[in-house]
1. With Leu65, Leu11, Leu31, Leu57 as the choices, which residue is touching a helix residue (DSSP H, G or I) at 6+ places or on another chain (Cβ under 6 Å), hydrophobic (A, V, I, L, M, F, W, C) and more than 21 Å from Ala172 (Cβ to Cβ)?
2. State which residue is surrounded by the most Cβ atoms within 10 Å (Cβ to Cβ) when the search covers only the stretch 15-51 and only residues that are closer than 23 Å to Pro92 by Cβ and touching a residue at least 40 places away in the same chain (Cβ under 8 Å).
3. Every residue in the stretch 12-36 that is part of a loop (DSSP other than H, G, I, E, B), of a type outside the set (S, T, N, Q) and over 30 Å from His373 (Cα atoms), please.
4. Do we find a residue being in contact with an Asp or Glu (Cβ under 7 Å, 6 or more places away or on another chain) and closer than 24 Å to Val378 by Cβ anywhere in the stretch 269-288?
5. In the stretch 194-213, which residue that is aromatic (Phe, Trp, Tyr) and part of a helix (DSSP H, G or I) is nearest to Ala79 (Cα to Cα)?
6. Listed residues Leu127, Leu123, Leu186; which is in contact (Cβ under 8 Å) with a residue 12 or more places away in the chain, out of contact with any Pro (no Cβ under 8 Å at 6 or more places or on another chain) and not charged (D, E, K, R)?
7. Output the residue which, of all residues in the stretch 210-237 that are crowded, with 19+ Cβ neighbours inside 10 Å and among the hydroxyl-bearing types (Ser, Thr, Tyr), is nearest to Asp270 (Cα to Cα).
8. Of all residues in the stretch 334-354, how many are part of a strand (DSSP E or B) and surrounded by 17 or more Cβ atoms within 10 Å (Cβ to Cβ)?
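The values are calculated or read from the model by the stated rules, or taken from the named source; none is laboratory data. On a predicted model such as this, the values are computed, not experimentally measured, just so you know. Backbone-built Cβ (ideal geometry, glycine too); neighbour counts: all protein chains shown.
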Amino acid sequence: WMIKEAHDRGLEFHAWLNPYRATMNLETSDLSPEHDFFKHRNWMLKYGTKWYYDPGLPEVKNHLLAIIKEVVTNYDIDAIHFDDYFYPYKEPKLEFPDKASYDKYKKPGQSRDDWRRQNVNDLILALSQTIKAQKPWVQFGVSPFGVWRNQSKDPKGSPTQAGQTNYDDLYADVLLWMKNKWIDYLIPQLYWSMEHRLASHRKLADWWSNNSYGVPVYIGNGPYKIREDSDEAWKNPAELNTQVNYARTLPQIQGNAFFSAKSIYIKNQDIAQRLKNEVYDRPTLPPSFEPKTPTIIDIPVVFDVKTTTEKTQINLEKPLDPAIRYAMVQGGNDLNTLHEAIIHTAWVGGSRVRYLEVPSLNTEYLAIRWIDHYGRIVQTQVFQTPKSTRP
């Protein structure tokens with residue numbers, strides 16, 4: 001249902017997962033008897049207030065790969081999206097209890113930190129390969145914590161003083177994943193204000209722009225902090241717009257993502273209106289990307305158009321090429337303003353259909369943009385509808 005509702009609105013659906021977190025607390029009585037906590041108790045490690053899968057076990061890695069393969073194969077999703085939780089954020093004076101698997105699987109001379117990073121790296125690479133083997137157009141994205149490493153630990157790091165970082169604490173070597181093109185996009189969680197003393201949003205946006213290795217980067221913004229944070233900057237209603245506008249000045253930054261929608265949908269609606277008026281004042285297509293192997297697409301040919309008071313049916317000369325994922329249809333009576341008309345999305349999802357249906361467009365002209373699985377506009381067609389086909 002969620003996938004259909006998103007696609008009907010021309011939105012992509014990215015399936016959001018946390019790979020290693022098995023429970024949200026230590027209470028297990030409410031878990032299903034089929035939960036892995038009961039079926040594979042030896043996979044679980046207790047740390048802090050949660051249970052986690054042991055990332056060092058090959059069985060865990062294979063299990064996660066099977067889950068992702070099932071989701072990609074059986075659902076018409078656009079991406080698999082991992083959150084910032086890899087190895088858990090460290091608890092004070094508490095070591096993650098993976099000594100048994102470390103002793104069993106480490107390489108000679110390999111430190112525990114390097115072994116943990118290798119476990120995560122191996123999972124990310126295998127997931128990338130699994131996803132592309134099933135559906136090469138499904139993206140694999142990650143939204144990591146906003147700091148890779150502090151400059152005090154590594155000259156390549158950012159000018160920040162984060163208490164924990166991806167590389168040193170979560171064992172997520174994000175730069176390696178981008179450098180090797182194991183992921184298709186990155187959304188670093190830059191949930192600080194523009195001039196934050198320890199982790200400046202501005203400086204971090206600059207850093208990620210300069211360290212993208214050609215992988216699309218979308219800045220993660222934190223509207224959940226608006227009027228709720230001790231940082232006074234979040235009381236400024238212009239803070240979020242300032243961040244978005246700054247991201248647009250950086251050449252390697254492709255856009256923004258907000259956590260979470262309810263922070264500007266349910267409350268702070270004045271901020272939502274400001275975003276709509278000042279930075280999101282026109283519709284846009286989801287980002288496109290190029291397939292690794294060239295594709296040849298049979299261009300759709302419109303045979304005729306029939307309109308009733310309820311719907312407009314666009315008939316095709318032959319079944320649609322399965323490489324076509326959806327069409328965007330606009331109707332108008334003036335060619336010069338046709339591009340400003342309301343956009344109607346007709347989702348076909350690769351089906352070999354012979355016609356499309358959209359709400360009734362009793363207009364002289366129709367513009368149809370055909371979009372493939374990679375988000376590319378295959379062709380734009382303008383069709384003049386005969387008066388005899390209109391009500």
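1. Working: Leu65 fails: more than 21 Å from Ala172 (Cβ to Cβ); Leu11 fails: touching a helix residue (DSSP H, G or I) at 6+ places or on another chain (Cβ under 6 Å); Leu57 fails: more than 21 Å from Ala172 (Cβ to Cβ).
Sole residue among the options that is touching a helix residue (DSSP H, G or I) at 6+ places or on another chain (Cβ under 6 Å), hydrophobic (A, V, I, L, M, F, W, C) and more than 21 Å from Ala172 (Cβ to Cβ): Leu31.
2. Kept after step one, since they are closer than 23 Å to Pro92 by Cβ, are these residues of the stretch 15-51: 18, 20-27, 44-51.
When the remaining residues are screened for being touching a residue at least 40 places away in the same chain (Cβ under 8 Å), the result is 18, 20-21, 45-48.
Details: Asn18: 12, Tyr20: 19, Arg21: 15, Leu45: 21, Lys46: 12, Tyr47: 18, Gly48: 15.
Only one residue tops the list, namely Leu45.
3. Filtering the stretch 12-36 down to residues part of a loop (DSSP other than H, G, I, E, B) leaves 12-13, 18-20, 22-35.
Remaining after also requiring of a type outside the set (S, T, N, Q): 12-13, 19-20, 22, 24, 26-27, 30-31, 33-35.
Listed by number, the residues that qualify are Ala22, Met24, Leu26, Glu27, Asp30, Leu31, Pro33, Glu34, His35.
4. Initially, the stretch 269-288 is screened for residues in contact with an Asp or Glu (Cβ under 7 Å, 6 or more places away or on another chain), giving 286.
Add one more test, that the residue is closer than 24 Å to Val378 by Cβ, and what stays is 286.
Taking every residue of the stretch 269-288 in turn, at least one turns out to be in contact with an Asp or Glu (Cβ under 7 Å, 6 or more places away or on another chain) and closer than 24 Å to Val378 by Cβ.
5. The initial filter retains those residues of the stretch 194-213 that are aromatic (Phe, Trp, Tyr), namely 207-208, 213.
Restricting the remaining residues to those that are part of a helix (DSSP H, G or I) gives 207-208.
Details: Trp207: 25, Trp208: 21 Å.
Selected residue: Trp208.
6. On the way: Leu123 fails: out of contact with any Pro (no Cβ under 8 Å at 6 or more places or on another chain); Leu186 fails: out of contact with any Pro (no Cβ under 8 Å at 6 or more places or on another chain).
Exactly one of Leu127, Leu123, Leu186 is in contact (Cβ under 8 Å) with a residue 12 or more places away in the chain, out of contact with any Pro (no Cβ under 8 Å at 6 or more places or on another chain) and not charged (D, E, K, R), namely Leu127.
7. For the stretch 210-237, the residue satisfying everything is Tyr218.
8. So in the stretch 334-354, the residues part of a strand (DSSP E or B) come out as 344-347.
Okay, now just the ones that are also surrounded by 17 or more Cβ atoms within 10 Å (Cβ to Cβ), so 344, 346-347.
Residues meeting the conditions: 3.
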